[in-house]
Structure formats: C-alpha cells, structure tokens
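Worksheet: one structure, shown below.
The values are calculated or read from the model by the stated rules, or taken from the named source; none is laboratory data. No experiment lies behind these values; they were computed from the predicted model shown. Here the Cβ is made from the backbone with ideal geometry for all residues, glycine too, and neighbour counts use every protein chain on show. These area figures cover heavy atoms from the full protein model, side chains too; ligands, DNA and RNA do not enter into them. Shrake-Rupley method; radii C 1.70, N 1.55, O 1.52, S 1.80 Å.
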Amino acid sequence: MDTEKCNILDLAVVSQDTLLVCKGIELKVELVSRQTGKVLSQLDLEGIPESVCLVGRDRAAVALPCIHKVQLIKIKGNTLVKDKVLDMSHSAFGITTSGGNLVVTYYGQPWLEVITTDGKVLQQFHSTGETQHFESPYFITTSPDGTLWVSDRDNNTVTKMDAGLTVLQTFTSPLLEGPCGITAVTEDEILVCSRDNNSIVLLQPSTNTMSTLLGEDDGIEDPYSLTYCPQKRKLFVAPFRSDSIKVFKFT
C-alpha cells in the first residue's frame, strides 16, 4: 500500500482490478488498484470502518460501529461517492448482503439483524441466557447459495445460518482460535482467519471438517480479514494493524 500507517481492517473485491479497503487509523475507505496498490479514490468517514461489503455491482456498505451507523457508498468507475447513512440501534460490526438486503452483526452482543438499504429492520436474531448462541458475533459472509456464515471470536466457532437467521449448524475445531475474517469460495469451501493460530482455516461443511490452508510457513501472522476473487481465483489476506495485503493463488 502507498500509505505508511493505514491499519487495514477489512477489504472487498470490487472487480478484477480493484479492491475496497477499510483503514481504521485514517477513518477512510479507499478504492485501490490490485496491480499497483495505488489509491484510485478515497472517502473520509465519521467513524472507524470495521467491515465492508458490496451491495450489487456499484454500491458498497461500510459498518461504523463506534458511531452506530452504516455508510452506503456508490462506486462510479474508479470513483467513490457517499450515499445515504443508516442509523443503527447498536454497534453494527460485521456486514454482508443477502437477497438485496444487509445482514449485520452487533459488536459484543449476541444479536444479528437483516435490514433493507433504507434501514428498515426485517428480521432479528437475539438469544440470551440458556438459549444464547453467540458470545461475540464478529465477521459475516454470504456463500454463493445464499447461506450466511458468522465467526464468533470469543466462542471460537463458525455458525451456518439461513437467510432468515435460523441457526443451521455450528462448527468448531482446535484449529480455530480467535476466528475473525471469513469468506466463502464455494458453498463447501469457507475460509476463516484463525487469528490466534496465525493461520487460514478451510472449513468444508459437507464433511464437517477443518484443515489449515495457510500458516506461519506461508507468511501468515495475526490474520484479521480476507476476501476472495472468483474470476482470478486469488485470496487477499490482511493482518491486524498492518499496511500490507498478502495475495495468494487459490488452487
């Protein structure tokens, strides 16, 4: 990257040529060339951008938990333009899309919501006491079949949910410690940042197994977020509090 202290927190593939990158220290989201690492466009934000997702081909949504907001962004070619701001009830942390709507996790709370891009709440998942499922739902992603996948850093679990926020299955493994960023390659290839293990874990739901895809020998250290480009079959991994993105060919 061409900025000295950018503290990358999350990233998303926009096209074969560009990435959206959330920078925590600078309170920015940037459109970055995947070839050169140069910033093509950037927006200053009101709070720390913890996570980002695409909303169709020309829009994105950025979660700003410290100010309880989600910032929508328009992508016009190589230019980023601010769209509407959604007020959230709590600190929305992880964010993904499902059926044209947004699905958010709430920082430090066992709570998820499905909301429209106008901010209307359509569905909630909230369990406490003996029925509490999550301790701290973190990042969330959507697989190609529409299934939702949620990492829980405190519970060391990955949870599979349907679009209506019904829990379908929970996965855990000794390989999974401090799970953070999560992305889906296919319905049966879910990649998770096992931050405390310094590894990227491959979860295969069909066989209920996890294996280490990348580790310290591959240069993985303190992995925090990641995203996948299906066109180029490349994996992008950002360590916590880093100014670099590691790129791997997925085979």
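Worth a mention:
- For trypsin sites (Lys or Arg not before Pro), the sites in the stretch 78-131 that DSSP calls loop and that have at most 13 other Cβ atoms within 10 Å are Lys120.
- Summed over the residues of the chain and divided among them, the accessible surface reaches 42 Å² per residue at a probe radius of 1.4 Å.
- When the P(r) is computed for the stretch 136-185, the part past 16 Å accounts for 33% of the Cα-Cα pairs.
- Loop-located trypsin sites (Lys or Arg not before Pro) in the stretch 156-233, at most 12 other Cβ atoms within 10 Å (DSSP): Arg233
- Bridging of Lys160 to aspartates and glutamates at a Cα separation below 18 Å is possible for Glu113, Glu135, Asp145, Asp152, Glu177, Glu187, Asp188, Glu189, once same-chain residues fewer than 8 apart are set aside.
- Highest-first arrangement of 176-185, 162-171, where packing means the average Cβ count within 10 Å: 176-185, 162-171
- Between the alpha-carbon centres of the stretch 174-202 and the stretch 45-123 there is a gap of 22 Å.
- Gyration tensor verdict on the stretch 173-243 (Cα atoms; rounded if a/c is under 1.5, prolate if a/b is larger than b/c, oblate otherwise): oblate
- Reachable lysines from Lys120, criterion Cα separation under 20 angstrom, eight or more residues apart if same chain: Lys69, Lys74, Lys82, Lys84
- By the Kirkwood approach, averaging reciprocal distances over each pair of separate Cα atoms, the chain gets a hydrodynamic radius of 17.8 Å.
- Prolate/oblate/rounded call for the stretch 172-213, Cα gyration tensor, a/c under 1.5 rounded: oblate
- According to the Kirkwood relation over distinct C-alpha pairs, the hydrodynamic radius of the stretch 57-146 is 13.7 Å.
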